[in-house]
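> After the structure tokens below, expect a handful of questions from me.
Read-outs: derived from the displayed coordinates by stated rules, not from any lab. Because the structure is a prediction, the values reported are computed rather than measured. Cβ atoms come from the backbone with ideal geometry, glycine included; neighbour counts cover every protein chain shown.
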DNA sequence: TTAACAAATGACAACGTTGTCAAAGACGCG
DNA sequence: CGCGTCTTTGACAACGTTGTCATTTGTTAA
């Protein structure tokens, strides 16, 4: 590896002068600068970040810890968003995956500390409260897609209540009155909040919501979910007074509802309108008819998490907002307007 | 941050003794060790990796550069596999995303060098030749899901030819004779190799392959693909002598074939068997009937990439194998046996 | 011409760690 | 007791960088 010393020797100047040039210090003669630049190029000098960091600087590396996000198709966009924001300043992400194992997490907090990363984003696969205890890491931590139970960390979460409202509002405006729900498991916040939003939309529209049509598309406990949307949908659609539309807890649930419709020879959207959640493009864009759904703003959450992290470094303690990021409805072809 | 010096002062020993204890050097008295351990714990000492690295050691950080892998639902498993292999030794991944932009890549090679990462995995979203030129990085580089045109780097690629063979063989064994193909774009290796494998299976079974049934499920150029599988499938299934099974270029194509079948009131698998490729679980496991498909061994590729990287560090130059990783068939419910 | 000042450059220490080597103490043997 | 050997410990340098401060060189005003 080429060092400042080697460049300095070749150029016949002191180490410090080369250092100045590398760092764009204006206090250096133009002639000197040019002549040294040549050697920097020819030796292909790249500053040693480890040395810089040890000298006391800020690391250009940030951490991303997650229970599964980085490695799950669903929410990679958080990573993408964070990377996009970091790239502008030549910074990068060290990614760690705990799979939700607390022992692993402790390990990774140590690792982040050992690497002296400048800040950490803790991202969850799904929107929930997360108590991270007192991680062995004292720099800024931002929560993405989850929030601190103790409200002592800034966090970014999707506006699930608003998303639920959008789903129901969209269908109600198009004349649907009997609308079925196939929800995620009830233990998670997303389910509760969207349910609230949906009911608020019904209320605003002056339509009564039939609670019998509120069914689970998934069952089981957190991290041990089982998909049952197909069976639930078939059952719901075999009722004499079947719903004209079904709101799904996510796009995978919607996929099963498409399958259920096909099974019963019902056509989408003529016989049944389907609304998803997540906007997982590999599903929503490839289904035919393509899926109208509400997007989880993961990219935006990742991007803003980085901003928040940078800000909270300069901030005094005790200020930890919980920021709602809106979930835009993406209109495609799976919902029809009733006559 | 707690340093060796601080621990040493508290414990009343020299820095070096503490260093020895931290690194498990046996040449230290048991009593001393115990008394110092207490202070290490209470001060929560974590060694500064930057300092260690500067002292000349090996970095515990590896790099993963990709055109899009890390941030695309399709191949995150490469990341998961790599992380699993690294975790055992307390190592981690720095992840960079070039989006295929060469300028970005140059930038990232510099960054990896600046961070002194111990090795880099270059992963591609799809199986292809990749000419990386002469990156400004001299440590070991392993290619995942792509291979060096110049064959001067070790690489790991899926056995697409074998995967194609499995697809066709499975259906032929179950009595299918007219089998349609909806392929990926012809420009990529995967398409060509799987085509070869499929035809080899037909030949081995002594069945003639109808070339008219070889259609594209996607069109367009690399990085600008457009999905046309739905239309192609509808057309193919409206023929009087329609195929009894369709082999798809990936699971998203298969998803569109399900949609096409539903559109034509054909039932899967009674009226039509469908075979996917990739085993993208969010699709393959959630479809009803669930999708029989051939898995891309991305996790395994990621895992072995790390091993290969470690090995190639100790290896002499000029040794750069191209390793084929098998693609196992995952049997589910979408293919029936003909009477 | 000289003093005062600004610009350009360099010497040196420090960051936290570990390898090298030497010193100090403990122990056994003749 | 004196010697060699082994165990345990510590002093010191070095890794590559940058902040601090001093030195050298150049420039301006009196």
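> Would you check which residues across region B:59-71 are touching a strand residue (DSSP E or B) at 6+ places or on another chain (Cβ under 6 Å) and outside any helix (DSSP H, G or I) and list them?
Listed by number, the residues that qualify are B:61, B:62, B:63, B:64, B:65, B:66, B:67, B:68.
> Based on this model, can you work out whether residue B:77 counts as under 22 Å from residue B:105 (Cα atoms), crowded, with 20+ Cβ neighbours inside 10 Å and more than 10 Å from chain A (Cβ to nearest Cβ)?
no
> Mind listing whichever residues of region B:232-267 are within 30 Å of the chain's Cα centre (by Cα) and over 20 Å from residue B:328 (Cβ atoms)? Reasoning before the result, please.
Applying the first criterion (within 30 Å of the chain's Cα centre (by Cα)) to region B:232-267 yields B:232-233, B:245-260.
Selection gives B:232, B:233, B:246, B:255, B:256, B:257, B:258, B:259, B:260.
> For region A:19-58, which residues satisfy the criterion of being within 11 Å of DNA strand C (Cβ to nearest atom), without any contact (Cβ under 8 Å) to a residue 24 or more places away in the chain, touching a helix residue (DSSP H, G or I) at 6+ places or on another chain (Cβ under 7 Å) and assigned to a helix (DSSP H, G or I)?
A:19, A:21, A:32, A:33, A:50, A:51, A:54
> What single numbered condition from (1) buried (at least 17 other Cβ atoms within 10 Å of the Cβ); (2) within 14 Å of chain B (Cβ to nearest Cβ); (3) more than 23 Å from the chain's Cα centre (by Cα) fails to hold for residue A:169?
Every listed condition holds for residue A:169 apart from (2).
> Quick one: in region B:1-16, of everything that is part of a loop (DSSP other than H, G, I, E, B) and surrounded by 15 or more Cβ atoms within 10 Å (Cβ to Cβ), which residue is farthest from the other protein chains (Cβ to nearest Cβ)?
B:13
> Read through the list (1) away from DNA strand D (no atom under 12 Å from the Cβ); (2) under 40 Å from the mean Cα position of the chain (by Cα); (3) buried (at least 16 other Cβ atoms within 10 Å of the Cβ); (4) farther than 30 Å from residue A:310 by Cα, then give the number of the only condition that residue A:61 fails.
Of the numbered conditions (1) away from DNA strand D (no atom under 12 Å from the Cβ); (2) under 40 Å from the mean Cα position of the chain (by Cα); (3) buried (at least 16 other Cβ atoms within 10 Å of the Cβ); (4) farther than 30 Å from residue A:310 by Cα, the odd one out for residue A:61 is (4).
> Of B:115, B:91, which residue is touching a residue at least 12 places away in the same chain (Cβ under 8 Å), within 11 Å of chain A (Cβ to nearest Cβ), away from DNA strand D (no atom under 15 Å from the Cβ) and closer than 24 Å to residue B:303 by Cβ?
Within the list B:115, B:91, the selection yields B:91.
> On to the next question. Quick one: is residue B:101 within 12 Å of chain A (Cβ to nearest Cβ), away from DNA strand C (no atom under 15 Å from the Cβ) and either surrounded by 16 or more Cβ atoms within 10 Å (Cβ to Cβ) or within 21 Å of residue A:85 (Cβ to Cβ) (or both)?
yes
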